[in-house]
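Down below is the structure, laid out as structure tokens.
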Amino acid sequence: MTHTSQSISPLRQRMNDDMRMRKFAPKTQACYIRVVRQFTAFLGRAPDTATIEDLRRYQLHLVDHDISPISLNAAIAGLKFFFGITLERPELMLEFRIAASRDHSGASMINNNASVPCTRPRIQSEHRA
């Protein structure tokens, strides 16, 4: 199934174009679009209206739903691209990155110079034994 230009918002088209210009792999493009779509659903309004506090709440939401560090990193990378490149609002991600920059062992989770391979975030509701 193909998308028509009518079904894609101008903001999403801009993000698609930004990723194509940088020759992102198709899977990375799909992941970044999915990340922004999930963030938008969480937010309940257009993602370009998000604040630093909204990003912080979303990160806590992901962590509270037991998202893996790899999936968290992928979500942050997608949002970083969206806010930093597509919206030209990198200041939002600077503060967000600080909150997410270390895992529990103290190891760095984010490489700021590379796109992150995207895995589908799994929100788990079952209790782990």
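For this structure, a couple of remarks:
- Every listed requirement among (1) touching a helix residue (DSSP H, G or I) at 6+ places or on another chain (Cβ under 9 Å); (2) more than 17 Å from Leu92 (Cα to Cα); (3) loosely packed, with under 11 Cβ neighbours inside 10 Å is met by Gly44 save one, (1).
- A residue that is in a helix (DSSP H, G or I), in contact (Cβ under 8 Å) with a residue 40 or more places away in the chain and not aliphatic (A, V, I, L, M) cannot be found anywhere in region 3-13.
- Only residues that are under 17 Å from Gly84 (Cβ atoms) and not in a helix (DSSP H, G or I) were counted across region 30-50, and they come to 1.
- Of all residues in region 30-84, those that are free of Cβ contacts under 8 Å to residues at least 60 places away in the same chain and among the aromatic types (Phe, Trp, Tyr) total 4.
- Asp17 within 19 Å of Leu94 (Cα to Cα) and either in a helix (DSSP H, G or I) or at pLDDT 95 or above (or both): no
- Answer residue from region 47-70, given it is hydroxyl-bearing (Ser, Thr, Tyr) and surrounded by fewer than 18 Cβ atoms within 10 Å (Cβ to Cβ) and is farthest from Asp17 (Cα to Cα) among those: Ser68
The values are calculated or read from the model by the stated rules, or taken from the named source; none is laboratory data. Quick caveat: nothing in here was measured; it's all calculated off a predicted structure. Positions of Cβ are backbone-derived with ideal geometry, glycine not excepted, and every protein chain shown enters the neighbour counts.
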